[in-house]
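Let me begin by presenting the structure, written as structure tokens, before commenting on it.
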Amino acid sequence: MARAVPKARVMRTVMTEARGRADGPPARGEGALAPRVLIVEDEPALLRALRINLRARGYDVGTVATGREALAEARRRPPDVVLLDLGLPDLDGGIVIRELRGWTGVPVIVLSGRAGSGDKIGALDAGADDYVTKPFDMEELLARLRAALRRGDQSPGGTKFTIGAYEIDTAAHTIVRQRPSSPGANTPGDLHLTPTEWRLLEILLNAPGQLVGSERLLGEVWGPGFERSTHYLRFHMAGLRRKLEDDPHRPRHLLTEPGMGYRYQP
């Protein structure tokens, strides 16, 4: 098993002077808010060093020390990117990544003293976007952070979709009714989805008009070993139709392709 890097070595590398150079967030439109970075780290000195460096470069920074706090904070104030330590006191970082991936595509950069290839592969397979091994150079981390933010800003297709009476914003994770429902429709108001429903819906919305196979959906949402558990899909897709379609029994947008998978039809 790979040994964790001593924290003293980490701090000698990370405690760099915040000099205010031209290495801040990627440029955004006039009036746009500063990118929000959520730092999840249980070492107080490292957490403080990261917070000081990022704030000095114009980021809006939130900090937490546990995995459960990270999940709660990400829902309360959705970040633009997450910096995540794997060795948290309550939850393994891989579990935090999988929980986030149940409802959000926010970029996740792992910061870890675990240098083994197995740890890196595990984190990336769980849904991390990048992996930085401690000790790390602050300038390199900032470059990776800017790259992650650019990828998030350039995600294809936008983040707003319409199904029936509802506008879905996958970035803000909101579903708001935009017009009265059709007569007899089963759409009671602004909606709440479960994390599993969000993940299923986001996968379909990001492939408009395309067949998404059942095995892919099961693998991405539930993980390896669930590729044949098609009853999970039937149950959750029925729930999505009840919440979103004007007529759940005659869906227009969340379609089943018998024996193959599902499709979002705009």
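Pull up segment 38-65, narrow it to residues that are in contact with a Pro (Cβ under 9 Å, 6 or more places away or on another chain) and surrounded by fewer than 17 Cβ atoms within 10 Å (Cβ to Cβ), then point me to the one that is nearest to Ile121 (Cα to Cα).
Asp42
Of the residues Leu254, Leu217, Leu205, Leu233, which single one is surrounded by 13 or more Cβ atoms within 10 Å (Cβ to Cβ), touching an Asp or Glu at 6+ places or on another chain (Cβ under 7 Å) and either of a type in the set (A, V, I, L, M, F, W, C) or under 24 Å from Val106 (Cα atoms) (or both)?
Only one candidate qualifies: Leu254.
Can you name every residue in segment 67-95 that is under 10 Å from the mean Cα position of the chain (by Cα) and not small (Gly, Ala, Ser)? If you could, list the steps in order and put the result at the bottom.
In the first step, residues of segment 67-95 are kept if they are under 10 Å from the mean Cα position of the chain (by Cα); the result is 74, 78-82.
Matches in segment 67-95: Pro78, Pro79, Asp80, Val81, Val82.
Going by the structure shown, is Ala74 free of Cβ contacts under 8 Å to residues at least 60 places away in the same chain and part of a helix (DSSP H, G or I)?
Yes: the conditions hold for Ala74.
State all residues of segment 88-105 that are farther than 14 Å from Ala74 by Cβ and surrounded by fewer than 18 Cβ atoms within 10 Å (Cβ to Cβ); if no residue qualifies, say none.
Pro89, Asp90, Asp92 - these are the residues of segment 88-105 that are farther than 14 Å from Ala74 by Cβ and surrounded by fewer than 18 Cβ atoms within 10 Å (Cβ to Cβ).
Of all the residues that make up segment 243-266, how many are under 12 Å from Gly164 (Cβ atoms) and of a type in the set (Phe, Trp, Tyr)?
Qualifying residue count, segment 243-266: 0.
The numbers here are math on the coordinates, done by the rules we state, and not lab data. Because the structure is a prediction, the values reported are computed rather than measured. Neighbour counts run over all protein chains shown; Cβ positions are idealised from the backbone, glycine included.
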